[in-house]
Each structure stands twice: as C-alpha cells, then as structure tokens.
1. If I model a spin label at E216 and R105 as a point 7 Å from the Cα along the Cα→Cβ vector, what separation in nanometres do I get?
2. What order do you get for 172-182, 75-85 when each peptide is scored by the mean count of other beta carbon atoms within 10 Å, highest first?
3. log10 I(q)/I(0), Debye, Cα-only region 170-281, no solvent, q = 0.10, 0.17, 0.20 Å⁻¹?
4. Which whole number of Å³ per residue matches the convex hull of the alpha-carbon atoms in region 78-153?
5. Please arrange V223, V22 by accessible surface area, largest first, computed with a 1.4 Å probe and ligands excluded.
6. In cubic angstrom, how much convex hull volume per residue do the alpha carbon atoms of region 14-91 span?
7. From largest accessible area down, sort T136, T170, T44; use a 1.4 Å probe on the protein chains.
8. Determine the share of region 69-211's accessible area contributed by carbon and sulfur atoms, expressed in whole percent, with a 1.4 angstrom probe.
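The values are calculated or read from the model by the stated rules, or taken from the named source; none is laboratory data. Just so it is clear, the structure is predicted and the values come from calculations on it, not from any experiment. Here Cβ is always computed from backbone atoms with ideal geometry, including for glycine, and neighbour counts include all displayed protein chains. Please note that ligands, DNA and RNA were not included when accessible areas were found on the heavy atoms of the full protein model with its side chains. Shrake-Rupley method; radii C 1.70, N 1.55, O 1.52, S 1.80 Å.
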Amino acid sequence: MTGPDPDLMGVWCRQDLIKVLVDGCEVEQEQADAVADDVLARATAFSSLSDRTRDVLMTPFVEEVFDYEPRDASMEIIAATTVVVRNSSLEDLHASGPVGDSALRVITTRAAGPLSHLIAAGRRSPVQPTGHDPFTGLDARYPRAWACLEALAGIVTGDGGRADYRCPTTNRPPLPGQEEEVDVRLSQQIDGAVLLSGTDPRFDQNIMALLRRAVEQPTIVFVPSLSRFSRDTAKQLRVLEILLAHGSTVLTTNHMLRGTDVWSRSGPRVKPDANEALDRLGQMEGLRGAHRRTVQQYLRLMADSA
C-alpha cells in the first residue's frame, strides 16, 4: 500500500484548477497561472504547520462549511480547503465576476482530496513551502485573537458549549491607519454590505466605523460569520484583536467570543446567511447561559433601534 502523494496538490493546481479557470470561466492564462501558484503556496505553507495551528486557522470557517461538498469529506478538510483555496487570490476573481458561485463550488470540491493527501503527507514527513507563507507568525502578531480562536477550536467541532481561556495582556493595538482605509460602494442586495473582495487587505467604511465605536466603549458586534470581517487570515485576526483588546463581545450565528471565554451553539448548527442574518441569529436552539442572554440582549437593541 502506498502512502499519500504530496504532489497531488501541485498536479491539481497545474491541471484541473487552471483548466476550470481558463476553459470554464474564461480567465486569462496568466491570471489562472497566478491563482494556481498562490493556491499551491498556501497549500504547502498550511500543510507544513502543526495540527494545532491548522485547527486555529480553520476554526473561523467551520460554521459556514458544515454542509459543503464533498459530503464524504471531514469538516476539518472542508474548512482547510476554505482557508487554502477559497480564501486565496481566487476570491479576487470571484468578487470581480469571472468565477461564479457554481465554478467556485466545483473548484473547492475538487480541491478537497488533493489537499487532504498533502496534509496527510505533512504528518508523515515535513512539507516544504513552495512560496509565500501567509500563516506563520500570526499567533505572535495577534495574541488575543489567537488565544480566543484556540479556545474556540476546542469546542467548535464537538458538542459546543463554553470554554474559558486566559487572554494575553499586551499593549492594545492601534486602529488601522488612514492609508489602509477605503470607501467602497454598498450592495443593493444585502443591507449595509460593501462590495469589496473578501481578501482585500484594506478596511472599508463599515469595518472602520465598527472599530472606532469599539475603541470608544465596549460593544456587542454581530457578523453572520467571522469571514464577514475578512477572508484574509491576518486581517481577520487583526479585527478580532482590536475588538477583544477593547472589551467588546463578538457574536456570530453560532458563536460568542469574549476576552475571557468562548461559546458555541450546542447541537445542530444554524447556517449563516447575510440576507437573513438576524433571523438566523435568533434561532435559540442550542444557545445556553450567557450566550443566549447576550443574543437576546442584542436582538432587543436591534428591535429598539429599528
């Protein structure tokens, strides 16, 4: 019996991914090559990490992928595929139009097998990164956010519930500088949503307003899933770091993140949906204790402000 083939991911990137982009989405060859190179670099960097580090990186995406294809793949592999492939420069082509939702599903579904082989190979012997590494060192740059997600990782794939953790005491991070801000147009389909690539490192007007309010005083921040902050891992952690540093509480459809503890819905998860965000949040099954009370408090605040 042969072991996992670590080169399957490279073959998939050079052949299947590029073919779907060029033939199926009419992406220019040069762009397709660049996306394939980025995905392969992310895949090898991700596979070179420890299981514990990979778990932290995957955790923000578990609640949005639990019903994704392929159905016979583990939730961890599907979440890993989201981190490596869905959140790559492929997102730019998705945001700008050439790669639609159906093509995106095909790409991520087909990527799960090769990525699973690469991760398994990395457990047997070291995998050498082939390019830029966007993952190493994030724990040191964003210690509060990392500790928070590490605690959440311990309960998110199990039965949910609550986990305490000790938030590191370091200097509060500054707000993004003016050179990092960008004003972008709003979506006509989703109230308040901005039209910007999910991996754009800049901060749009909505996130900047949210962060400025949180710096002024602690608040409850709700996003359908953590990927609404960003699909760029460093930016996502940076937003969470600022919010936790200033004592805010972050709610998602299934989770609550605070500076001392994290909570996750028990039992079946509720699928995040930006079009029905508050309705999904308001499904109380599986919410317990402080998590349930905080959701109720937030929903009352939203009803009073309507």
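1. The two pseudo-label positions are separated by 4.2 nm.
2. Ranked from most to least packed, the peptides come out as 75-85, 172-182.
3. -0.29, -0.87, -1.19
4. 135
5. V22, V223
6. Dividing the Cα hull volume of region 14-91 by its residues yields 98 Å³.
7. The ranking, largest first, comes out as T136, T170, T44.
8. The nonpolar share, carbon plus sulfur, comes to 47 percent.
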